[in-house]
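Below is one structure, written out as structure tokens; comments come after it.
The values are calculated or read from the model by the stated rules, or taken from the named source; none is laboratory data. Since the structure is predicted, the reported quantities are computational estimates derived from the model, not experimental observations. Glycine gets a Cβ as well: all are built from the backbone with ideal geometry, and neighbour counts include every protein chain shown.
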Amino acid sequence: MEESATNHLNHSLIQPGTLWSETTLRTKTARASGALKSIETEYHLIQQQDISFVVRTLSNLARKEHALKQQREQETKLHKIGQRIDPFLPYEPDLFVGNISSTHLCLLNKFNVVDNHLLIVTRAFEEQTDLLNLEDFVALWSCMQEIEGLAFFNGGKTAGASQRHKHLQLIPLPFLPDVMYLPLDQAINQITFKNSLGKIDSFPFCHSITTLDISPHCPVEIAAKIMLRSYHRLLNQVGWKLDNSNLRQKQPMAYNFLATRNWMMIVPRSQESFQNISINSLGFAGSLFVRDHASLELLKKLTPLKLLTKVAFGN
């Protein structure tokens, strides 16, 4: 019986080489059905040292705020009767892209700013404050192998997580087609790595970054083990002592995780926002989001790097 169930699951997994086509098709149909609530933005570039920060102003934020307000009201009602709302259990069928593995599935981000923004979600409920594990990296690399993108994980509410259910995210690259590949490119290219570890010179706060040396043809399970070791190494570099005997341990504090096919970074977090500007992992990739032009002007005066320093920890 167990073998039959496993075989059924394997048959239902998304076919290798089809993730991108399935993603773009689902984006089209979800937009047509109204399930996908894309947020229109305009962007501005702020150059600071060796990073060209992309700052988006959310021109129709009211729609998202209305939906989030309804969600919070529903959560409050359910909390009073001892229930918990989880947008991933069950998920919206119109946002479903495919089954990635026996433990993870892939959904479209309902309130997307960037097209084809994917969520890599655990099938069973796990806390967003659980450390990433081998199964997470198997699912993540399965997606990154097919879609060249920026992966990230907001480790807890202080790091910008809006949902308790564990999920990684993947945004396709280039970040701005015909404008830039990734805001951090120049800064990362200037790092002098030692034993594959290094830091971005222009980041005056606690962080660590490592190179990833994974062949494009590397089997997913082996690539995932490499990523897990690199992840643990970065956590140690920022001062966290891991209990290797506990596979489901909680994070000691909030943090942001970012990765491409070539590198991985960890940034511990001290607070979720500063001056009413919220920061998630994308902020440390050089992408910031502000409500309106007044907040944009505030950010210009404050400067992006000072903002990031305020929500991280000093070196």
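Which one is surrounded by the fewest Cβ atoms within 10 Å (Cβ to Cβ) among residues in the range 290-302 that are farther than 15 Å from Val113 by Cα, in contact (Cβ under 8 Å) with a residue 60 or more places away in the chain and among the hydrophobic types (A, V, I, L, M, F, W, C)?
It comes out as Leu296.
Residue-by-condition table, conditions (1) out of contact with any Lys or Arg (no Cβ under 9 Å at 6 or more places or on another chain); (2) of a type outside the set (Lys, Arg); (3) in contact (Cβ under 8 Å) with a residue 40 or more places away in the chain; (4) surrounded by 16 or more Cβ atoms within 10 Å (Cβ to Cβ):
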{"position": "Phe203", "(1), (2), (3), (4)": "yes, yes, yes, yes"}
{"position": "His207", "(1), (2), (3), (4)": "no, yes, yes, yes"}
{"position": "Tyr231", "(1), (2), (3), (4)": "yes, yes, yes, yes"}
{"position": "Arg248", "(1), (2), (3), (4)": "yes, no, yes, no"}
{"position": "Asn256", "(1), (2), (3), (4)": "no, yes, yes, yes"}
{"position": "Met265", "(1), (2), (3), (4)": "yes, yes, yes, yes"}
{"position": "Glu272", "(1), (2), (3), (4)": "no, yes, yes, yes"}
{"position": "Leu288", "(1), (2), (3), (4)": "no, yes, yes, yes"}
{"position": "Pro304", "(1), (2), (3), (4)": "yes, yes, yes, yes"}
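Would you mind stating whether His167 is in contact with a strand residue (DSSP E or B) (Cβ under 9 Å, 6 or more places away or on another chain) and without any contact (Cβ under 8 Å) to a residue 40 or more places away in the chain?
Taking the combined requirement at face value, the residue does not satisfy it.
Keeping to the range 151-178, report how many residues are touching a Ser or Thr at 6+ places or on another chain (Cβ under 6 Å) and in a strand (DSSP E or B).
Total meeting the criteria: 2.
Out of (1) in a helix (DSSP H, G or I); (2) surrounded by fewer than 23 Cβ atoms within 10 Å (Cβ to Cβ); (3) in contact with a Leu (Cβ under 8 Å, 6 or more places away or on another chain), what's the single condition that is false for Leu140?
(2)
Being surrounded by fewer than 19 Cβ atoms within 10 Å (Cβ to Cβ) and touching a Pro at 6+ places or on another chain (Cβ under 9 Å) is the filter here; which residues of the range 148-175 pass it?
If the condition is that a residue be surrounded by fewer than 19 Cβ atoms within 10 Å (Cβ to Cβ) and touching a Pro at 6+ places or on another chain (Cβ under 9 Å), then Glu148, Gln163 are the ones that fit.
Take the range 274-286 and flag every residue that is surrounded by fewer than 18 Cβ atoms within 10 Å (Cβ to Cβ) and of a type in the set (Ser, Thr, Tyr).
Ser278
Can you find, within the range 7-42, the residue that is surrounded by the most Cβ atoms within 10 Å (Cβ to Cβ) among those that are in a strand (DSSP E or B) and more than 20 Å from the chain's Cα centre (by Cα)?
Leu13
I need a count of the residues in the range 127-137 that are charged (D, E, K, R) and either crowded, with 21+ Cβ neighbours inside 10 Å or within 23 Å of Pro174 (Cβ to Cβ) (or both).
Number satisfying all stated conditions: 1.
Hey, does the range 243-255 have a residue that's closer than 25 Å to Val55 by Cβ, within 17 Å of the chain's Cα centre (by Cα) and among the polar types (S, T, N, Q)?
No: the range 243-255 contains no residue that is closer than 25 Å to Val55 by Cβ, within 17 Å of the chain's Cα centre (by Cα) and among the polar types (S, T, N, Q).
List the number of the failed condition for Glu65; all other conditions in (1) part of a strand (DSSP E or B); (2) modelled with pLDDT under 95 hold.
(1)
Of the residues Ala5, Ala30, which is more than 20 Å from Ser142 (Cβ to Cβ) and modelled with pLDDT of 95 or more?
Among Ala5, Ala30, only Ala30 is more than 20 Å from Ser142 (Cβ to Cβ) and modelled with pLDDT of 95 or more.
Might you let me know whether the range 185-192 holds any residue that is in contact with a helix residue (DSSP H, G or I) (Cβ under 7 Å, 6 or more places away or on another chain) and not basic (Lys, Arg)?
Scanning the range 185-192 turns up no residue that is in contact with a helix residue (DSSP H, G or I) (Cβ under 7 Å, 6 or more places away or on another chain) and not basic (Lys, Arg).
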